[in-house]
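Shown next, in structure tokens, is the structure this report addresses.
The values are calculated or read from the model by the stated rules, or taken from the named source; none is laboratory data. In this text, all values refer to a predicted model and were calculated from it rather than measured experimentally. FYI the Cβ positions are ideal-geometry reconstructions off the backbone, even for glycines, and counts take in every protein chain you see. The area values use the complete protein model at the heavy-atom level, side chains included, leaving out ligands, DNA and RNA. Shrake-Rupley method; radii C 1.70, N 1.55, O 1.52, S 1.80 Å.
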Amino acid sequence: MITLKSPREIESMARAGRIVGETLQLMRRTVRPGLTTEDLDAAAEEFIRSHPGAVPSFKGLYGFPKTLCISIDEEIVHGIPSRKRVLREGSIVSVDCGVHLDGLHADAATTIPVGAVSAEADRLMRVTAESLAAGVGAARVGNHIGDIGHAVQTVAEGAGFGVVRELVGHGIGTRFHEEPQVPNYGSPKRGPQLRPGMTIAIEPMITQGSPLTKTLKDKWTVVTVDGKLSAHFEHTVAITDDGPRVLTAVGETAG
Ligand code: MG
Ligand code: MG
């Protein structure tokens, strides 16, 4: 069942979303060679909890142990922060963050360069952010879920990159994962129709090579089968009569 949110609930989600967006901005300012992913996680948790009532959505969700998912290079999503994972110059690091506040969740992700990165890594991040923007642009009343996926897929595959199929975006609200599923591929006019009050997380996971995935022995970290790079950008978006409202943007950041 797809739950529609009241204007008041959407305002609550926007407050949670602002904290998510500010956390990702903090990560963008903080990432540098030599830090561990545990360092990033600790800074994010402290920042989130400095807002009265706000808690990290991920901690304990399905048993996940940390505040952030941090996924480096060929890791697509669900990397577990660790004192043993050190950021290296030239890597790209995907940071995924959720915040629960006043009974509602918000969810966003961004991929951050560690120092100077290759032109190809840079292009992958840019195209993934552009594919997210295209997906958000299609999140309009009267369109369908398939229009969002089609928009994402057109940008990503048009640039020669792969679109991960095994992981998808999702409805979000009082529960972190709600219906509907929001794939990053699809056909126009297919899937559930978008109505005012729907809130969804749109989250392209885009690969340099094969879009196929596998899960590591830690049972969490999802990586590309061919070891090539992956990027991940995500926003929580409310469908409104005035168009898509991005709830996790801060300033002009696209991710
Ligand atoms: Mg997320
Ligand atoms: Mg999500």
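Brief remarks follow.
- A residue that is touching a residue at least 60 places away in the same chain (Cβ under 8 Å), within 15 Å of ligand 1 (Cβ to nearest atom), in a strand (DSSP E or B) and of a type in the set (S, T, N, Q) occurs nowhere in segment 126-142.
- Residue list for segment 98-123, restricted to those being assigned to a helix (DSSP H, G or I), among the small types (Gly, Ala, Ser) and open to solvent by 10 Å² or more (accessible area, probe 1.4 Å): Ala119
- Restricting attention to segment 147-167 and to residues that are within 16 Å of ligand 1 (Cβ to nearest atom) and surrounded by fewer than 19 Cβ atoms within 10 Å (Cβ to Cβ), the residue that is farthest from Gly60 (Cα to Cα) turns out to be Glu166.
- Residues within segment 181-193 that are crowded, with 19+ Cβ neighbours inside 10 Å and either under 24 Å from Val99 (Cα atoms) or within 14 Å of ligand 1 (Cβ to nearest atom) (or both), tallied: 3
- Only a single item in (1) within 16 Å of ligand 1 (Cβ to nearest atom); (2) surrounded by fewer than 19 Cβ atoms within 10 Å (Cβ to Cβ) is not met by Ser230, and it is number (2).
- Here is the figure for segment 37-66: residues that are surrounded by 19 or more Cβ atoms within 10 Å (Cβ to Cβ) and within 17 Å of Val222 (Cα to Cα) total 3.
- Checking Val117, Val223 one by one, the residue that is closer than 18 Å to Val95 by Cβ, touching a residue at least 12 places away in the same chain (Cβ under 8 Å) and touching an Asp or Glu at 6+ places or on another chain (Cβ under 6 Å) is Val223 and no other.
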